[in-house]
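A short write-up of the structure that comes next.
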Amino acid sequence: MDTCLRSNKVYNVRKFKRVLVVDDDDSALFVAKKILVRMEVAEDVATAVNGLEGFLAVKAACGGPAEEFPGLILVDLKMPVMSGFKMIEAMGGLPLPSKPLVVVLTSSENPIDRERARMLQADGYLVKPIRPESIERLLEGLPA
């Protein structure tokens with residue numbers, strides 16, 4: 001992982017003003033944030049430690065300027081307090097100023113989880129561990 005983070009590679013990826021990463025694993029949050037910053041994916045990478053905290057961050061951003069709203073949300077599925085699935089469902093009831101790209105970031109390779117994410121209209125599904133190359137591929141394939 002350190003090799004990836006110290007790489008001098010220049011990534012030509014889509015840029016966002018703000019990204020939100022939601023995961024209950026401190027190490028996963030740290031690595032995701034480091035990679036997103038290194039790749040210059042966003043000017044600001046915010047984090048939340050469970051689905052409820054992530055939902056509340058999205059809800060709070062709904063009342064602010066549209067440019068402060070996260071354009072990309074990476075969310076783990078299995079978390080305490082509120083799961084990623086519940087967070088994505090709850091976001092559907094918010095007056096979002098724009099539709100963020102929502103990507104599941106999980107250790108689950110279960111086809112049932114993939115299908116449920118698809119049914120919830122998640123824009124992507126990444127299996128941990130997160131790597132710069134997987135983020136690059138993901139961002140190339142997401143709708144503009």
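The values are calculated or read from the model by the stated rules, or taken from the named source; none is laboratory data. Everything numeric here is computed off the predicted structure, so don't read it as measured data. Accessible surface areas use protein heavy atoms only, side chains included; no ligands, DNA or RNA. Shrake-Rupley method; radii C 1.70, N 1.55, O 1.52, S 1.80 Å.
List the pairs from Lys15/Lys78; Lys9/Lys78; Lys34/Lys78; Lys17/Lys59; Lys17/Lys99 whose alpha-carbon separation is above 25 Å, in the order I gave them.
Details: Lys15/Lys78 27 Å; Lys9/Lys78 32 Å; Lys34/Lys78 22 Å; Lys17/Lys59 17 Å; Lys17/Lys99 14 Å.
Violating the 25 Å limit, Cα to Cα: Lys15/Lys78; Lys9/Lys78.
Counting pairs of alpha carbon atoms under 8 Å apart in space and at least six apart in sequence, what relative contact order in percent does the chain give? Please list the in-between numbers first.
Numbers: 234 pairs, mean separation 34.3, N = 144.
In percent, rounded to a whole number, it is 24.
Within the accessible area of region 20-62, what % is carbon and sulfur when the probe is 1.4 Å and the other protein chains stay in place? The nonpolar share, carbon plus sulfur, comes to 53 percent. Taking the chain as a Gaussian network of alpha-carbon nodes connected by springs under 10 Å, the highest mean-square fluctuation of the residues Asp25, Asp123, Asp76 belongs to Asp25. Ligands, DNA and RNA are left out, and with a 1.4 angstrom probe the accessible area of the chain is 52 Å² per residue.
Which shape class applies to region 100-144: rounded if a/c is under 1.5, otherwise prolate when a/b exceeds b/c and oblate if not, where a ≥ b ≥ c are the square roots of the Cα gyration tensor eigenvalues? Display every interim value, and only then the final one.
Details: a/c = 2.49, a/b = 1.17, b/c = 2.13.
Judged from the Cα gyration tensor, region 100-144 comes out oblate (a/c at least 1.5, b/c at or above a/b).
Need one word for region 49-114: rounded, prolate or oblate. Basis is the Cα gyration tensor (sqrt eigenvalues a ≥ b ≥ c); a/c below 1.5 gives rounded, then a/b vs b/c decides. Before the final figure, lay out the partial values.
Values: a/c = 2.31, a/b = 1.82, b/c = 1.27.
Since a/c reaches 1.5 and a/b is larger than b/c, the shape of region 49-114 is classed as prolate.
With the Cα gyration tensor of region 1-128 giving a ≥ b ≥ c as the square roots of its eigenvalues, does the rule (a/c under 1.5 for rounded; else a/b larger than b/c for prolate; else oblate) give rounded, prolate or oblate? In terms of gyration-tensor shape, oblate.
For the residues Gly124, Gly54, Gly64, a GNM of the chain with alpha-carbon springs under 10 Å puts the largest fluctuation on Gly64.
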